Amino acid sequence: MFCLYDPGHTRFDWCFRFLGTEVRVHPFFWLSILLIGGDQGNPWFTIYWVAIAFTSILIHEFGHVLAMRLAGDRGHIVLWGFGGLAFSDKNNYRRHCFTDVAVCAAGPAAGLLLAILVAAISTAAGGSSQFAFSSIAIATWYMDFSSLKLVASNYRAYLHVHFIVNNLLYVNFFWSLLNLLPVFPLDGGQITRAILEQRDPQFGRLRALRVSIAVSVLFAGLACLAGHMGLMYLFAFCAVSSLQAVQDAGRIRRRY
């Protein structure tokens, strides 16, 4: 998910272990999740949203850690900002390109698997799947429960089931696909860097950053036209940070 660096420890951190992996939740994580989707007009929906976002991002990051384990590494998770990070426990650990790509892709893959599981259970319960393309050309997945007798006769129950299931699909399907875009610091940007650095160790990272700038500008424009201001700011920030990284790399080359 969208996170740049470890913010350091605070006395308000929540620390626990998840399937043998150390997890630390920074207090700013909760604030960020509320800023993204806390205004639901219903206290229960706000609670649902925080639980959905927390669980989904934790599963995403654990996907990275599980791939690290399979590669002979260990990792820990930090949730903060608008997402989280899975850190390797080995300092300056360099992986083979294929392993690096697999570790980066494992997070979105875990989210997609969770979305498939949610959809399968919902379909078995009587819901129906609906696919569509969002206004920024990324597929979205919805479940329709209007024909489900359990909730169709109770509009309040229908709203709660609809909110929980479709937000689980939104976070784990739409966000996972979004995360695969070749944009820094998203997982897709890290995958692009690993591939291009394997082909060109000297300038591969620089080329990946240029791809990140181009894709970020494109999707920022699409998001602006669609009225998704949050996504527009996200991609604008990615474009600016990638441009800054390119400029920093240029200064380093001129220095040496």
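The values are calculated or read from the model by the stated rules, or taken from the named source; none is laboratory data. Keep in mind the model is a prediction, meaning the values are calculated, not measured. Neighbour counts are summed over all protein chains in view; Cβ atoms, including those assigned to glycine, are modelled from backbone coordinates with ideal geometry. Note: areas computed on protein heavy atoms with side chains; ligands, DNA, RNA excluded. Shrake-Rupley method; radii C 1.70, N 1.55, O 1.52, S 1.80 Å.
Residues that are over 23 Å from Thr99 (Cα atoms) and not small (Gly, Ala, Ser): find the helices (runs of 4 or more DSSP H) completely inside segment 147-223 holding 2 or more of those.
149-152, 155-169
Could you list all residues from segment 100-134 that are closer than 23 Å to Val183 by Cβ, modelled with pLDDT under 90 and either charged (D, E, K, R) or open to solvent by 70 Å² or more (accessible area, probe 1.4 Å) (or both)?
Here is the first cut: in segment 100-134, the residues closer than 23 Å to Val183 by Cβ are 100-115, 132-134.
Pick out the ones that are also modelled with pLDDT under 90 and you get 100, 132-134.
Within segment 100-134, Asp100, Phe133 meet the criteria.
Looking at segment 26-71, which of its residues are within 16 Å of the chain's Cα centre (by Cα), of a type in the set (Val, Ile, Thr) and more than 17 Å from Ser176 (Cα to Cα)?
The one that is within 16 Å of the chain's Cα centre (by Cα), of a type in the set (Val, Ile, Thr) and more than 17 Å from Ser176 (Cα to Cα): Val50.
What's the number of the condition Tyr233 fails, among (1) closer than 19 Å to Leu180 by Cβ; (2) open to solvent by 40 Å² or more (accessible area, probe 1.4 Å)?
The failed condition is (1).
Can you pull out every residue in segment 215-230 that is closer than 14 Å to Pro185 by Cα and open to solvent by 20 Å² or more (accessible area, probe 1.4 Å)?
The answer is Val215, and nothing else.
Do we have Phe174 as surrounded by fewer than 19 Cβ atoms within 10 Å (Cβ to Cβ), modelled with pLDDT under 95 and under 13 Å from the mean Cα position of the chain (by Cα) here?
It is true that Phe174 is surrounded by fewer than 19 Cβ atoms within 10 Å (Cβ to Cβ), modelled with pLDDT under 95 and under 13 Å from the mean Cα position of the chain (by Cα).
Filter segment 74-99 down to residues that are touching a helix residue (DSSP H, G or I) at 6+ places or on another chain (Cβ under 8 Å) and part of a loop (DSSP other than H, G, I, E, B) and give me whichever is modelled with the lowest pLDDT.
Arg95
Restricting attention to segment 6-30, report how many residues are of a type in the set (A, V, I, L, M) and either open to solvent by less than 80 Å² (accessible area, probe 1.4 Å) or at pLDDT below 90 (or both).
Quick first cut of segment 6-30, residues of a type in the set (A, V, I, L, M) only: 19, 23, 25.
In the following step, the residues that additionally are either open to solvent by less than 80 Å² (accessible area, probe 1.4 Å) or at pLDDT below 90 (or both) were identified as 23, 25.
Number satisfying all stated conditions: 2.
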